[in-house]
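Enquirer: Sharing a structure here in structure tokens format.
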Amino acid sequence: MAFQSKKLINDPNDVVTEFIEGLVETYPGLQYLDGFPEVFAMVICDIGGGSGHEPAHAGFVGEGMLTAAICGDVFASPNVESILSGIRAVTGPKGCLLIVKNYTGDRLNFGLAAEQAKSEGYKIEMVIVDDDCALPPPRGIAGRRGLAGTILVHKVAGAAAASGLSLADVASEAKRASEMVGTMGVALSVCTLPGQVTSDRLGPGKMELGLGIHGEPGAAVADLQPVDVIVSHVLKQILSPETNYVPITRGNRVVLMINGLGATPAMELMIAAGKAVPRLQLEHGLAVDRVYTGSFMTSLDMAGFSISVMKSDQAILDRLDAPTKAPYWPVGVDGKHPPAKIPVPLPPSRLSKSDETLSRPQQLTPQGHILESAIEAAASAIVNLRDYLNELDSKVGDGDCGSTMYRGAMAILEDMKKYYPLNDPAETVNEIGSSVKRVMGGTSGIIYSILCKAAFAKLKAKRQTRSFTVHWVDALEAGIAAVSKYGGASAGYRTLLDALIPAASTLKERLNGGDNSIEAFIASADAAVAGAESTKDMQAQAGRSTYIPADILASVPDPGAMAAAAWYRAAILAIVEKCEAS
């Protein structure tokens, strides 16, 4: 039976900000940007990702390791503006290295931020860490996940930067380190997101093998075994010559990391370390140069651990042994305590709302009234589906799809009252994208921002040509094409596109076939719902669902597709109602 977990928190929406405030009070030398408490600054390595993995990543900010950490919401990628603020705050003439774990949201948000920073004149390099050894290829376009081995890459890159190397050389060392490390995790419990119920997915006497760090199901469920057996299995998986995840063979030297996932006692971690070292030495013929044991990259309150094995040589050891003041790397810190807040650097040019002269008009045209009704209906539909979407996502992802979409929908409803120039469809769509980008983290936020930006460009270009309805067909197709281009997904990948692609194609076909607009709109709404429901029959090829066993996916439609179908259908029905009334 699911139950509400006990957490020592205030508002679940404030946990990331309040955690950071406590961290900067605890460890001298850490600072955060005023107005962006999710951004730490102290200057060449820059790293980010969702929160909930503490001490990663903020706990590894310090001289000799990371320069900044960009912390998104719990298990959600940080948004582009936060990333850009961090880059601008810490990047000097030598440039900035972004170390990113291999998750779609992180790659998209950090990729877009990197391109924007480059356009502003910054030197930027990016290294993707994908050390997961639990899942056999292929994994669709998602690939292997980034796990606790990322911390070792942080240390190598930070030490390389502190030694005075160029950005290219630091990036080269970080990339080499990422190719030398493999990780696999084992969980005894499911983690609980703040303010949500605890899943009962994993029963008593069971453990999950090959889990991620966001609460998604593991690659397999098995009976709980003695730690000797578990350690042996994990090491064999990481070092398997068949999968060739890491270039480690008998006679090599290695570094071992035993990482707690949040609720594992130090005693159990030490036991695992004590069993892993002799197995590496005797069974695999490896020399163990260093052992790091503790909680480095957690998954909130999950019980379990992960094992990382990195091939080492003298160059790697020199980087790992180099001094650092990062508070959660096993060294001390000094007593100097600079001011906790530093001002947020602005981009070279930033237009304000007053400059853009965008605001809600006092009088709406007939089209403005229709657009207002459609937006309100679409956002309200998502608000009402928050718990349902979270429930779906808890089975195939990290359980926050509904909450993420809810934040975007509420921002849209609020901003529409003040900013949306509803008589101008193009600018209104652009403003919707701005609302979403501001409050929605993770993959969903950046995907919907891209969708809106591409639709805006198409609507702006077509303002004076063809019919109102055809404008929206073109805009929807442009948004779909942009999401597919940058996200890599297409029809059949088990994403929101499986709702939007049938909707757009049906709308276009019906209009070209002679149907009136109302008939075409209703048919396209039905196609969106049918497309979303059909994702139950698809094998995921994008996003976190690629890590979920097929038998689990077969019983659950994709929550992102269901959300897209819901808001699209609600908007269409509102348009039809307005058109029929007039």
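Enquirer: Which one is nearest to Leu269 (Cα to Cα), of the residues in the stretch 160-186 that are of a type outside the set (A, V, I, L, M, F, W, C) and in a loop (DSSP other than H, G, I, E, B)?
Expert: By that ranking, first place goes to Ser163.
Enquirer: Now, a different point. Go through the stretch 233-277 residue by residue and tally those that are of a type in the set (Val, Ile, Thr), surrounded by fewer than 19 Cβ atoms within 10 Å (Cβ to Cβ) and closer than 30 Å to Thr192 by Cα.
Expert: Here the count works out to 1.
Enquirer: Give the residue, chosen from Val473, Val529, that is modelled with pLDDT of 90 or more, farther than 18 Å from Cys401 by Cβ and of a type in the set (Val, Ile, Thr).
Expert: Val473 is the lone residue from the list that is modelled with pLDDT of 90 or more, farther than 18 Å from Cys401 by Cβ and of a type in the set (Val, Ile, Thr).
Enquirer: What about Lys437, is it buried (at least 19 other Cβ atoms within 10 Å of the Cβ) and modelled with pLDDT under 90?
Expert: yes
Enquirer: What residue, among those in the stretch 58-85 that are assigned to a loop (DSSP other than H, G, I, E, B) and under 20 Å from the mean Cα position of the chain (by Cα), is farthest from Gly397 (Cα to Cα)?
Expert: Asn79
Enquirer: Restricting to the stretch 328-379, and then to whatever is polar (S, T, N, Q) and not in a loop (DSSP other than H, G, I, E, B), can you tell me which residue is modelled with the lowest pLDDT?
Expert: The qualifying residue modelled with the lowest pLDDT is Ser354.
Enquirer: Still on this structure, please answer the following. Please give the number of the condition Asp289 fails out of (1) in a helix (DSSP H, G or I); (2) surrounded by fewer than 21 Cβ atoms within 10 Å (Cβ to Cβ).
Expert: Tallying (1) in a helix (DSSP H, G or I); (2) surrounded by fewer than 21 Cβ atoms within 10 Å (Cβ to Cβ), Asp289 fails exactly one: (1).
Enquirer: Would you check if Arg201 is assigned to a loop (DSSP other than H, G, I, E, B) and basic (Lys, Arg)?
Expert: It is true that Arg201 is assigned to a loop (DSSP other than H, G, I, E, B) and basic (Lys, Arg).
Enquirer: Out of the stretch 493-519, which residues are part of a helix (DSSP H, G or I) and either over 36 Å from the mean Cα position of the chain (by Cα) or not assigned by TED's automatic domain parsing to the domain that holds Ala482 (or both)?
Expert: Arg510, Leu511, Asn512, Ser517, Ile518, Glu519, listed by residue number.
Enquirer: A further question follows. If you take the residues in the stretch 169-194 that are modelled with pLDDT of 95 or more and out of contact with any helix residue (DSSP H, G or I) (no Cβ under 6 Å at 6 or more places or on another chain), which one is surrounded by the fewest Cβ atoms within 10 Å (Cβ to Cβ)?
Expert: Asp169
Enquirer: So which residues in the stretch 178-208 are under 20 Å from Met310 (Cα atoms) and either touching a strand residue (DSSP E or B) at 6+ places or on another chain (Cβ under 7 Å) or not assigned by TED's automatic domain parsing to the domain that holds Leu8 (or both)?
Expert: Selection gives Ser178, Met180, Val181, Gly182, Thr183, Met184, Gly185, Val186.
Enquirer: With respect to Leu422, is the statement that it is within 25 Å of Ile522 (Cα to Cα) and either outside the structural domain of Ala542 (by TED's automatic domain parsing) or at pLDDT 95 or above (or both) true?
Expert: The answer is no for Leu422.
Enquirer: Can you tell me which residue within the stretch 101-123, out of those that are farther than 14 Å from Tyr486 by Cα and among the polar types (S, T, N, Q), is surrounded by the fewest Cβ atoms within 10 Å (Cβ to Cβ)?
Expert: Here the residue is Ser119.
Enquirer: For the stretch 86-100: of the residues being in a strand (DSSP E or B) and β-branched (Val, Ile, Thr), which is surrounded by the fewest Cβ atoms within 10 Å (Cβ to Cβ)?
Expert: Top of the filtered list is Val100.
Enquirer: Among the numbered criteria (1) charged (D, E, K, R); (2) part of a helix (DSSP H, G or I); (3) closer than 30 Å to Ser199 by Cβ, which one does Asp398 miss?
Expert: Condition (2) is where Asp398 drops out.
Enquirer: Could I ask something else about it? Scan the stretch 151-159 and give yes if some residue there is closer than 16 Å to Ile316 by Cβ, part of a loop (DSSP other than H, G, I, E, B) and either modelled with pLDDT of 95 or more or not assigned by TED's automatic domain parsing to the domain that holds Thr243 (or both), otherwise no.
Expert: So far as the stretch 151-159 goes, no, none of its residues is closer than 16 Å to Ile316 by Cβ, part of a loop (DSSP other than H, G, I, E, B) and either modelled with pLDDT of 95 or more or not assigned by TED's automatic domain parsing to the domain that holds Thr243 (or both).
Enquirer: Look through the stretch 124-150, keep the residues that are among the charged types (D, E, K, R) and under 28 Å from Ser166 (Cβ atoms), and return whichever of them is surrounded by the fewest Cβ atoms within 10 Å (Cβ to Cβ).
Expert: Glu125
Enquirer: Which residue, of Ser189, Ser232, is more than 30 Å from Gly64 (Cα to Cα), assigned to a helix (DSSP H, G or I) and polar (S, T, N, Q)?
Expert: Ser232
Enquirer: Keeping to the stretch 251-270, report how many residues are assigned to a strand (DSSP E or B) and of a type outside the set (D, E, K, R).
Expert: Result for the stretch 251-270: 8.
Enquirer: Using beta carbons and a limit of 7 Å, which pairs, at least six apart or on different chains, have the first residue in the stretch 156-183 and within 28 Å of Leu239 (Cα to Cα) and the second one hydroxyl-bearing (Ser, Thr, Tyr) and not in a strand (DSSP E or B)?
Expert: Partner pairs satisfying both residue conditions: Gly158/Thr324; Gly182/Tyr245.
The values are calculated or read from the model by the stated rules, or taken from the named source; none is laboratory data. Predicted model only: the values in this text are computed from it and were never measured. Reconstructed Cβ throughout: ideal geometry from the backbone, glycine too, with neighbour counts over all protein chains shown.
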